[in-house]
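Inspection log for the structure reproduced underneath, given as structure tokens.
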Amino acid sequence: MERLQKVIAQAGVASRRKAEALITEGKVKVNGQVVTELGTKVSKGDKIEVNGVQIEGEELVYYVLYKPTGVISSVSDDKDRKVVTDFFPYIKERIYPIGRLDYDTSGVLLMTNDGEFANLLMHPKYDVDKVYVAKVKGIPFREKMRQLEKGIELEDGKTAPAKVKVTSVDKKKGTAIVQITIHEGRNRQVRRMLEAVGHPVLKLKRERFGFIGLEGLRPGEYRPLSPHEVKQLRNLAANLTR
Ligand code: URA
């Protein structure tokens, strides 16, 4: 038995708080009856409707995908470009990405049908560390990297402090490899940060989301997260009120 608002949130219909509002507003039916009491317990066989639409009690599933470049972090695309769910042809659950990576960024992308888990990991308050590796134009000076470490002014506000390391330089080609760890998830954030200090990104890969990396995966491959990993990710987020 689970609490009704939790089941609605997990189905990806709404956040837990929105689900509570939907219940108290009388928009939720269980087995045909309007239920307005928060905390009502439901079980697997119960028919739950939100605004007249039945939610499906799918088994909750969790995967890590090695997203290749040239793929949209979405479940569909109006221009018919490749999307991340195309890599899961045999998965019947309606999974979607937790957050997004740019079309031209590769790396770790978590996928699930657990709306509550996705909301938890995407909530700015609980942002977990993400490690990116960027190939950049030019050879960064220490001072530029220190600016990124302290936080840098972008058009949507100052970035939180980042961890930055130049791991190699190619003097001949005039490029460098920079490892950067951030916990925020703003649109094209790493690209914009590096651009702002004069080092446009030529290539970008997310190597880690929390402690989840790409070990054993090639681009386009995925693996299920173990129940232990899911639990650890939940704990990580929950203990991280920033
Ligand atoms: N930062 C970016 O610039 N792009 C991504 O895909 C992720 C983080």
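Observations on the model:
- Matching residues, the range 43-73, being in a strand (DSSP E or B) and in contact (Cβ under 8 Å) with a residue 24 or more places away in the chain: I48, V50, Y62, Y63, V64, L65, Y66, K67, I72
- Residue check, I48 more than 16 Å from the ligand (Cβ to nearest atom), surrounded by 14 or more Cβ atoms within 10 Å (Cβ to Cβ), at pLDDT below 90 and over 22 Å from the mean Cα position of the chain (by Cα): no
- Within the option set V169, V164, V201, being farther than 28 Å from S226 by Cβ, away from the ligand (no atom under 12 Å from the Cβ) and surrounded by 18 or more Cβ atoms within 10 Å (Cβ to Cβ) holds for one residue only, V164.
- Residues that are surrounded by 10 or more Cβ atoms within 10 Å (Cβ to Cβ) and not hydrophobic (A, V, I, L, M, F, W, C) within the range 143-161 comprise K144, R146, Q147, E149, K150, G151, E153, D156, G157, K158, T159, P161, listed in sequence order.
- Scan of the range 154-171 for residues that are more than 25 Å from the chain's Cα centre (by Cα) and not small (G, A, S), ordered by number: V166, T167, V169, D170, K171
- When each of G39, G12, G26 is tested for being assigned to a loop (DSSP other than H, G, I, E, B), touching a residue at least 12 places away in the same chain (Cβ under 8 Å), touching a strand residue (DSSP E or B) at 6+ places or on another chain (Cβ under 7 Å) and outside the structural domain of I95 (by TED's automatic domain parsing), the lone residue that passes is G39.
The values are calculated or read from the model by the stated rules, or taken from the named source; none is laboratory data. Bear in mind that the values here come from a model prediction, so they are computed numbers and not experimental data. For neighbour counting, all protein chains shown are included, and Cβ atoms are generated from backbone atoms with ideal geometry for every residue, glycine included.
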